[in-house]
Amino acid sequence: MIMNADSLLFFDKHMDAVPLYEALENRILKEIENVHIKVQKSQISFYNKHLFACVSFARVRKKKDCPASYIVVTFGLDHKLESPRVEIATEPYPNRWTHHLLVVDTEEIDDDLMAWIKEAAVFSNTK
């Protein structure tokens, strides 16, 4: 991936997290069709018809419990995901669950995470 100016600005204070993001973006673009990426100040969003996942540095743990380098991967499903990898799960609307996972190693961008993100992409297309 060639970082554009918006992406570089997003990672300005988190350059050590770029390899995590690149690994995730590469898998998403390779494994999910018709993905559009939007870089914003607080997150990088992945869309098909609708938003289905995003990357941020959202605070999902107390600062002292956060690793030095990480990304937060967020996605929505129609059910609560029962996994120890989920840091926070909320139900902002009935049968719409938002899940936040802390990713600290490229090995965590595995088939399980991609299955959940693919499920989120399918779910977002049904809205």
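A few comments on the model shown:
- Our analysis of the chain gives Rg over Rh at 0.93, with the two radii drawn from alpha carbon positions and Rh computed by the Kirkwood formula.
- Radius, Kirkwood style, for segment 51-116 when every pair of distinct Cα atoms is counted (Å): 12.4 Å
- GNM result for the chain, Cα springs below 10 Å: residue of Ile28, Ile44, Ile88 fluctuating most strongly: Ile88
- Relative contact order for the chain, counting Cα pairs under 8 Å that sit 6 or more residues apart, in percent: 24 percent
- Helical content alone sets the calculated 222 nm signal of the chain at -8500 deg cm²/dmol, taking -39,500 (n - 2.57) per DSSP H segment of four or more residues and averaging over every residue.
None of the figures in this text is laboratory data; all of them are computed from the coordinates on show. No experiment lies behind these values; they were computed from the predicted model shown.
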